[in-house]
């Protein structure tokens, strides 16, 4: 069962890498929508890039066994933030031009993160 923890960590890290690298392109539809609807211009590009850094650091922490617990906490924090924005009027669950798949992916990743946290914390 120890291998399941590693597999979960690898799957989550892959997800964070996938979404993290997308934050460093020219623009990002998600953060453009949030900036427009909130009136806070810092979302595009500053907060977008900081979010990408947070996602990539989270992936790195998940990949290193000695920092995996910190990575799990970071994953939960990043995903709760993402889900929070999807539940806000600034973004919504059904994102224009994307649909609801991004929200569902964030929920699935949060469930996996919480499951991994329960497995790791149970051993303490």
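Just so you know, all these numbers are worked out from the coordinates, no wet-lab data involved. These numbers were taken from a predicted model, which means no experiment stands behind them. As a convention, Cβ positions derive from the backbone with ideal geometry for all residues, glycine included, and neighbour counts pool all protein chains shown.
What to note about this one:
- Residues in the stretch 74-124 that are out of contact with any helix residue (DSSP H, G or I) (no Cβ under 6 Å at 6 or more places or on another chain), in contact (Cβ under 8 Å) with a residue 40 or more places away in the chain, part of a helix (DSSP H, G or I) and within 28 Å of residue 35 (Cα to Cα): 3 in all.
- Checking each residue in the stretch 23-51 for being under 17 Å from residue 78 (Cβ atoms), surrounded by 15 or more Cβ atoms within 10 Å (Cβ to Cβ) and out of contact with any helix residue (DSSP H, G or I) (no Cβ under 7 Å at 6 or more places or on another chain) picks out only 30.
- Residue 82 surrounded by 15 or more Cβ atoms within 10 Å (Cβ to Cβ) and within 15 Å of the chain's Cα centre (by Cα): yes
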